[in-house]
1. Considering only segment 39-48, I want to know if a residue exists there that is touching a residue at least 40 places away in the same chain (Cβ under 8 Å) and within 21 Å of ARG131 (Cβ to Cβ).
2. If a residue has to be under 16 Å from the mean Cα position of the chain (by Cα) and over 17 Å from CYS82 (Cα atoms) to count, how many in segment 15-52 make the cut?
3. How many residues are assigned to a helix (DSSP H, G or I) and among the aromatic types (Phe, Trp, Tyr) when one looks only at segment 96-131?
Amino acid sequence: MDNRNNASTTWAPALGRLLLSVLFLASGIGKLTAPAATIAYIASAGLPLPSVSYGVAAFVEVVGGALLLVGYRTRPVAAVLCLFTLAAAVFFHNHFADQNQLIHFLKNLAIAGGLLQVVAFGGGAWSLDARRRR
């Protein structure tokens, strides 16, 4: 077996999880530091129960981002984050006449695609899931 390929299957999933989790952690922490603004933004999108939606979003982003980072229960966590990301795209980036909104929508689709890769292939060798299996 090619050693470079073997090395990349060790570090690449961990790096991918790191890069994906940073987005969710930063966004979730941002929500926690500005709850009123976040709740107002959720309300402006017409979603019901903005305060509850805020709590769910902050929880999913912070806890899901942290679990993804360390690779614990990686597949189900990535599935939840994928659904969350698709919902955010549909509810908050749906004005396609605005090129910026279209780019954000497509970015969310790309992130969802990356998360589906995690769902399919798991957290990799450098994850708590792999450690638990040993």
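Bear in mind that the values in this text are calculations on the coordinates, not laboratory data. Note that the structure is a prediction, hence the values are computed from the model and not measured. With ideal geometry, Cβ positions are generated from the backbone for all residues, glycine too; neighbour counts draw on all protein chains shown.
1. Taking every residue of segment 39-48 in turn, none turns out to be touching a residue at least 40 places away in the same chain (Cβ under 8 Å) and within 21 Å of ARG131 (Cβ to Cβ).
2. Within segment 15-52, residues that are under 16 Å from the mean Cα position of the chain (by Cα) and over 17 Å from CYS82 (Cα atoms) number 4.
3. Residues meeting the conditions: 2.
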